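FYI, it's all coordinate maths here, none of it is from the lab. Small disclaimer: the values here were computed from a predicted structure and weren't measured. For neighbour counting, all protein chains shown are included, and Cβ atoms are generated from backbone atoms with ideal geometry for every residue, glycine included.
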Amino acid sequence: MNHAVLYVRDVARSVAFYRDVLDFRVRFEIPGQAAFLQAPASNNDHDLGLFQIGPAAEPSRAGQGMVGLYHIAWEVDTLDELDRLATKLRQAASLVGASDHGTTKALYAKDPDGLEFEVSWLVPADLLPAEAEVVTRPLDLAAERARYGGGTRGGVGVSFPAKV
């Protein structure tokens, strides 16, 4: 995926959230209308576009009898980074869940408009068992940091061992 674009009620409020909580950088903005942000360590022109549609916008009903996007996932390099963001998301009253999916360790949160997103760390393929399972169970971030090391670089888009 190259980037995501979201419709938001208040672009300045959303910029502040993604900048202050997830460390995105503003690359370009049209005040009161749109902003284009870059994720930390990204070389992409922009990873997130935000378009303001105003305060009267109804909440998204995707998944509640309507089709639509469930969430976007942002990948972090280390479990230390995932832990740091868990703290920031908790402080922002944004964190709504945390799951261990076997091959990934994930936080789930909502932005100021209630749009859900995921922040995840991918277990490096060489640390996965040959028969890696994909599950959903509660995430014990401290235990995962002890198991893999907080500074271990994640799989960067690869979460299954290569088949030979």
Output ³J(HN,Hα) for the range 112-126: one whole-Hz value per residue in order, computed from phi by the Karplus curve 6.51 cos²θ - 1.76 cosθ + 1.60 with θ = phi - 60°, and x for Gly and Pro. x, 9, x, 7, 7, 9, 10, 10, 9, 10, 9, 5, x, 4, 6
At a 10 Å Cβ-Cβ cut-off, how would you order Ile30, Ile72, fewest neighbours first? Ile30, Ile72
Each residue of the range 140-155 in turn: what ³J(HN,Hα) in whole Hz from Karplus with 6.51, -1.76, 1.60 and θ = phi - 60°, glycine and Pro shown as x? 10, 4, 4, 5, 5, 5, 5, 5, 9, x, x, x, 5, 5, x, x
Filtered GluC sites (Glu not before Pro), the range 57-164: DSSP coil and at most 15 other beta carbons within 10 Å: Glu131, Glu133
What FRET efficiency comes out for the pair Gln33/Asp80, r = Cβ-Cβ distance, R0 = 30 Å, nearest 0.05? 0.25
HN-Hα J couplings of the range 21-33 from phi, Karplus 6.51/-1.76/1.60, θ = phi - 60°, integer Hz, Gly and Pro as x? 9, 10, 6, 5, 10, 6, 9, 7, 8, 10, x, x, 10
Cut-off 15 Å, label 7 Å out along Cα→Cβ of Leu69, residues of the range 92-116 by amide N: 109-116
Phe51/Lys88 FRET efficiency (R0 25 Å; Cβ-Cβ; nearest 0.05): 0.50
Averaged over all viewing directions, the convex hull of the alpha carbons in the chain casts a projected area in nm² of 10.7 nm²
Taking 7 Å along the Cα-to-C-beta vector as the label spot, tell me the Asp20-His3 distance in nanometres, rounded to one decimal. 2.4 nm
Please compute the Kirkwood hydrodynamic radius over the range 68-154, one decimal place, Å, based on all pairs of different Cα atoms. 13.2 Å
